[in-house]
Amino acid sequence: MARQTFRWREASLPDLVSVSEIQLVVHEAFPEDDHVLADRLELSPEGCFMLEVGGIAQGYVLSHPWVRRAPPSLNSMLGEIPDAADTWYIHDLALLPETRGSGAGGNVVPLLADIARSEGYRSMSLVSVNGSRGFWERQGFSVRMDERLASKLASYGEDAVYMERALT
C-alpha cells in the first residue's frame with residue numbers, strides 16, 4: 001500500500017454505491033441504510049470525500065455540522081442541520097482494511113478541520129468505534145464521555161466513545 005498513491009476527492013450521490021459497499025465491510029456489525037448515507041451526502045457535500053487508490057474507491061468520510069455532545073443515532077435520517085449546530089461532526093471515516101496504515105485517514109483530518117474552521121466552527125466531534133480511539137487521539141481528539149452519552153452510544157458497540165477536538 002505504501003507505494004500506491006491515495007487521493008481524497010469530493011463525494012457526491014453517484015458515489016453512494018461505493019460508500020454503501022465499503023461500509024458493509026468496515027461496519028458489518030452496524031451498517032446504515034443507503035437513504036441515511038445519502039442524507040449525509042446531500043446535507044453537507046462540502047464535508048464528504050471519497051478515498052481513491054489507483055482510481056478505485058477504498059474509503060470515504062462523511063461529516064457535517066451538528067450539536068456538541070448530542071451525536072445522531074445510528075442509521076437515522078437527519079433531514080436538516082440544526083440551527084444550534086456548534087461542532088463539525090465526523091459521522092464516519094471508513095477505510096477498507098487494505099488501505100489502513102497508508103496515512104490516508106490522518107491525511108483527511110486536517111482537510112476536515114480546515115472546512116470546519118472556514119464554516120465558523122471551533123470544534124470537531126465524533127463517535128469512535130471499532131477500536132479506532134487511538135487513531136483519533138493521534139489526530140488530537142479527546143474522550144468526552146458522561147453517563148447520558150454512554151447510554152446513547154450503546155448501539156454503536158461496546159468500545160464506542162464520544163470524542164472532541166478544539167479548533168484553533
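The values are calculated or read from the model by the stated rules, or taken from the named source; none is laboratory data. None of these values were measured; they are calculated from a predicted model. Don't worry about glycine lacking a Cβ; one is built from the backbone with ideal geometry, like all the others, and counts go over all protein chains shown.
Of all residues in the stretch 72-116, exactly one satisfies the criterion of being among the hydroxyl-bearing types (Ser, Thr, Tyr), assigned to a loop (DSSP other than H, G, I, E, B) and touching a strand residue (DSSP E or B) at 6+ places or on another chain (Cβ under 8 Å), namely SER102. Within the stretch 139-168, the set of residues being surrounded by fewer than 18 Cβ atoms within 10 Å (Cβ to Cβ) and touching a Gly at 6+ places or on another chain (Cβ under 7 Å) comprises just one member, ASP159. On inspection, GLY120 passes the criterion of being in a loop (DSSP other than H, G, I, E, B) and at pLDDT 95 or above. If you go through the stretch 154-162 one residue at a time, do you hit one that is in contact with a strand residue (DSSP E or B) (Cβ under 7 Å, 6 or more places away or on another chain), more than 21 Å from LEU24 (Cβ to Cβ), of a type outside the set (Phe, Trp, Tyr) and touching a residue at least 40 places away in the same chain (Cβ under 8 Å)? Checked the stretch 154-162: no residue is in contact with a strand residue (DSSP E or B) (Cβ under 7 Å, 6 or more places away or on another chain), more than 21 Å from LEU24 (Cβ to Cβ), of a type outside the set (Phe, Trp, Tyr) and touching a residue at least 40 places away in the same chain (Cβ under 8 Å).
Per the listing LEU51, LEU37, LEU41, the residue uniquely without any contact (Cβ under 8 Å) to a residue 60 or more places away in the chain, assigned to a strand (DSSP E or B) and buried (at least 20 other Cβ atoms within 10 Å of the Cβ) is LEU51.
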